[in-house]
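Read-outs throughout are calculated quantities, based only on the coordinates presented, and are distinct from any laboratory measurement. Worth saying up front: this structure is predicted, and the values here are computed from it rather than measured. As a convention, Cβ positions derive from the backbone with ideal geometry for all residues, glycine included, and neighbour counts pool all protein chains shown.
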Amino acid sequence: MTLALTLEQLLNGIQFGVMLFLMASGLTLIFGVMGLINLAHGSLYMVGAFVCAYVTGITGSFWLGLLAGALGAAIMGVIVEVLVIRRLYQRDHLDQVLATFALILILSEGTALVFGSQPLWLDIPSVLKGSIELGSVVYPVYRILIIIVGVLVALGLYLLISRTRIGMKIRAGENDREMIGALGVNISVLYTFVFAVGAALAGLAGSLVGALQSVEVGMGEPVLILAFVVIVIGGIGSIKGALIGAMLVGIVDTLGRVLLPSFFQWFMEPSAAASVGSALASMLIYLLMAIILAIKPKGLFPAND
Amino acid sequence: MKKIVIGVVVTAAIVASVAALVMKGGGYKLTDVLNESPTKIGMITTLSGGGSHLGIDVRDGFMLATEMANANLEVIIRDDARKPDIAKSLANELIQKDKVDILTGIIWSNLAMAVVPPTVRGGTFYLSPNAGPSALAGKACHENYFNVAWQNNNLHEAMGHFMKAEGLQKPFILAPNYPAGTDALTGFKSRFGKAEGEIFTKLGQKDYAAEIAQIRASNADSVFFFLPGGMGIAFMKQYASSGIELPVFGPAFSFDEIILGAVGNSAIGVKNTSQWAYDLDNPANEKFVKAFRAKYDRTPTLYASQGYDTANLILSAIKKASPSDKDAFRSALESADFDSVRGSFKFGSNHHPIQNIYVREVVAGNGKKPTNKLVGVAISDLQDAYVSQCAL
C-alpha cells in the first residue's frame, strides 16, 4: 500500500471518528449530567436527517436544511424530555432503557407515517462536490467539511463547559445534583437544555451524514451502537473520553477494513481472504473495546472518578 | 456502580440492535371477494421496515393484474416485516387456517428458504415473485415450486457476460458479506473470469470511503457492485463525489425507479442488468406500465413487473384447471401460457425462467429524478446454472 493511500485511509478514519464524536458527545453529556441512558439518541439522529432532507427539498438550500436538521432534532429532544425523559431521572437504569427503547419504536413509526417508508433524497451541495489535492492525497471536499465541523464542535463544547456560566452549572450538576438544586439553580431547565444540546448534535450528525449516505427509517440504530462503544471505551460521562474513543474507533475500524483482507492475501487465495478479512474487520472494534475494558474497566478517561 | 453502569450500557447497546430487528410487526388483511368459492391465494411479503418498497411493488403489481382480469380470486395479504420467523408462522396460518391453494409473495431468499420447502412438500403450490436462492433451483427443487422472477445469480451472470463483451478487462467488484452477496460475485465471475480487485463489505455498511480509496488506488478499468437498498444509495452518492471516473455497472436491484429517486443524478450513466424494463417494447408491457401509472401514480419497478407476471401466470393456469386438481394445474403452470411483460417467457425443467436479460442505462429524467432506459440485450435465453442438479 502506498503512502498516499495510507494517508487517505487515515483521513477516512478521522472523518468517521468525527462523525461518531458528534453522536457520542451528546450521549455522554446526557449520561454524565443526568445519569440517563438514552437509547433514543439514534432516533434523534434520524429525525435530524429527515428534517434536513425535507427542508432542503423545499427550499433548495442545503445550509438551511442543515440548520433545520439540528434545530428540528433539538425541538424533538425538548418535547421528548418534557413528556417522557423527565420522569426517568430518579428511576433505575433498566427503566430508562425500557422507556427510551419504546421511544425508538414510536419515533421510527412516526417518521414512517409522516415521511413514508421510502428513502428520501438528499445530496451534497454542488459547491462541496468533488475533491481537492492535499499534497499527494486526493480527498473529497465534503468529508473535509465534516472533519472541520467536528473540530469546531469539540472546541465549542470545551469552551461551553469550561468557560461559561452554564458550563459551570453543568459541571456542578455532574458532581452534586442536590447541592446545585439547593443553591437555587433551576435544575429541570438545566436538564432540558443539556438534552436539547445533545439532541441538536445528533441531528447535526444525521444531517451531515444523510447527505453522504442515505436518509431512511432505522438509520440511527447502527450508529447508536457504535456511539455506545465509543463512550464505553472513552469512559462514560467524559467528553474528552468521547473524543479520544471516537477517533480510536474510527481509525481502527477503517484501517482494519482495508488492511485485514490484504493481510490474509499473503497466505490465502484472494476471495477467501476477502471474506475472512472482512468478517474479522467487522469484529475489530468490539475486540478493541474488550481489551480496553480488561485493562481499564472504567474506560480511558473516567468522569468524576 | 460504574461496573453496573457499563453492564447496563452494553445491555442497552444489545437491546438497541435488537430494536432495529424487532421494530415492525403486525400486518393487515385485504380480501378481494368477487364471486362465490374463489381460488384462495396467500401473499406473504415485506410491507414495513427496511426494503418494504420491494414488497409494496410486488403486491401492487399482483393486485393490478387481478383487478384488470376481474378474476375470481381471494387474495389474503400479510406483512412478514422481513423476518423469517414471522414469515414461517404466517405461512402455517394461511395454509392450515385459511386453507389457501397457492402461496406467493416472499422477497428475501433467507425467508424463502424458511417457508418454501415445507410449503411445497405439504402439497401447496408456491410461486416466487422475487427470491431465487440457488438451493431451490438445484438440489432442493420441487414439483410444486415455481420461480417467476429469476434465479439469484442471473442478473450478475448477465452483467459479467456483458462487461466481457464490452471489452472491459479489470473490474473492481464488491458485495456485502452474506449469502446473496457471495452468490452475486460468484455469478459475476462465472461469466467474466478473474476480477482486478474484490471486496466484501459489512452488511448494512453505509460509509464506503475506505473501499472507494482502494478502487482509486487500484488499476481497475471499471466497477461492478451489488449493494441492495440503502447500501447502494450510500455507495453511489459517495462514489460520485470521489472524483473517480471509472464506469459503474451493477444488477437492477440498486437502480430501480425508487432508489434512483433517493440517489439522484449521481447514478446517471450507470449500466445495469434486468430481466425487464418499463420501456421494453411489447403490447403486454405497454398495457401494464400504462395501467400501473394510472392507478398508483408512479413508474413500476422490476418488482412490480414480477408481481404482475406472477398473477397473470396464476390466472392463465386457473383458466385451464382448478388448483385442487394438482397434476392438471401443475402442467398448466408449466406451460406458462400467458402474455409476460418480459416478452418471451418459458420455464426450464426446474421451474425457473429461461429468459433474456437486458441492459439498461440510467439517464436524466424529465423531472428531478433520473430514470432507466433500455439499451440492449446482455444475454439471450439465459438459463440458471443449477438446473442440472435438479431431479425434475
Roughly how big is the protein assembly as shown's charge dipole about its Cα centre, with Cβ charges of +1 (Lys, Arg) and -1 (Asp, Glu), in debye to the nearest 20? 1360
The exposure ranking of B:E245, B:E93, fewest beta-carbon neighbours within 10 Å first, is B:E245, B:E93
Please list the non-local residues whose amide H lies under 5 Å from the amide H of B:A131, H modeled 1.01 Å from N, same-chain partners needing a gap of 5 or more. none
Across peptide B:227-236, what mean number of C-beta atoms from other chains lies inside 10 Å of a residue's C-beta? 3
Which helices pass in chain A if a helix is a full DSSP H run, must span at least 18 angstrom along its long axis by Cα, and must have mean Kyte-Doolittle hydropathy not below 0.0? A:3-34, A:41-59, A:62-83, A:93-115, A:141-163, A:187-212, A:220-234, A:239-264
Measure nothing fancy, just the Cα-based angle from helix B:84-96's long axis to the longest principal axis of chain B, in degrees from 0 to 90, nearest 10. 10
I'd like to know which of A:G57, A:G116, A:L201 lies farthest towards the positive end of the charge dipole of region A:7-218, counting +1 on Cβ of Lys and Arg and -1 on Cβ of Asp and Glu. A:L201
When DSSP assigns beta bridges and you keep just the ones with both residues in the protein assembly as shown, what percent turn out antiparallel, to the nearest 5? 40
Under 5 Å between amide H atoms, partner at least 5 residues away or on a different chain: which partners does B:E198 have, H built in plane at 1.01 Å? B:I173
Using a cut-off of 14 Å between beta-carbons, work out the net charge of the residues near A:L248 (Lys and Arg +1, Asp and Glu -1, A:L248 not included). +1
May I ask for the angle, rounded to the nearest 10°, between helix B:52-69 and the longest principal axis of chain B, with both axes built from Cα atoms and the value confined to 0 to 90°? 30
If I build a Gaussian network model for chain B, linking alpha-carbon pairs within less than 10 angstrom, which residue out of B:P118, B:P176, B:P129 has the largest mean-square fluctuation? B:P118
Within 10 Å of each Cβ in A:282-292, how many Cβ atoms from other chains are there, averaged over the peptide? 1
Separation between the A:L183 and A:Q90 pseudo-spin-labels, each 7 Å from Cα along Cα→Cβ, expressed in nm? 2.3
Among bridges DSSP assigns within chain B, what percent are antiparallel (round to 5)? 35
Placing +1 on each Lys and Arg Cβ and -1 on each Asp and Glu Cβ in region A:7-218, then taking the dipole about the Cα centre, the residue among A:V138, A:L98, A:V189 whose Cα reaches farthest towards the positive end is A:V189
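Placing +1 at every Lys and Arg Cβ and -1 at every Asp and Glu Cβ, with all other atoms neutral, what dipole size does region B:285-392 have around its Cα centre, in debye to the nearest 20?
Working: 15 positive and 11 negative charges, 123 e Å.
In debye, rounded to 20, region B:285-392 gives about 600.
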Put +1 on the Cβ of every Lys and Arg and -1 on every Asp and Glu Cβ in the protein assembly as shown; which of A:T164, A:L212, B:G105 then has its Cα farthest towards the positive end of the dipole? A:T164
Estimated [θ] at 222 nm from DSSP helical runs (n ≥ 4, -39500 (n - 2.57)) normalised by residues in chain A, nearest 500: -25500 deg cm²/dmol
So which chymotrypsin sites (Phe, Trp or Tyr not before Pro) in region A:215-305 pass both tests, a DSSP loop state and at most 11 other Cβ atoms within 10 Å of the Cβ? A:W266, A:F267
Mean Cβ neighbour count within 10 Å, used as a protection proxy, ranking A:87-96, A:37-46, B:287-296 highest first: A:37-46, B:287-296, A:87-96
Model label zone, B:K164; criterion: amide N under 11 Å from point 7 Å along Cα-to-beta-carbon; scope region B:334-369: none
Hey, what angle do you get for helix B:2-22 against the long axis of chain B, alpha-carbon based, 0 to 90 degrees rounded to 10? 50
Per its Cα gyration tensor (rounded if a/c is under 1.5, else prolate when a/b beats b/c, else oblate), region A:7-218 is best filed as oblate
Taking a ≥ b ≥ c as the square roots of the Cα gyration tensor eigenvalues, with a/c under 1.5 meaning rounded and otherwise prolate when a/b beats b/c or oblate if not, region A:106-200 comes out oblate
Could you tell me how far the Cα centroid of region B:344-392 sits from the Cα centroid of region A:19-93, in Å? 44
Ranked from highest to lowest mean number of other Cβ atoms within 10 Å per residue, what is the order of the peptides A:215-225, B:133-143, A:158-168? A:215-225, B:133-143, A:158-168
Assigned charges on the beta-carbon of Lys, Arg, Asp, Glu; region A:7-218 dipole about Cα centre (debye): 480
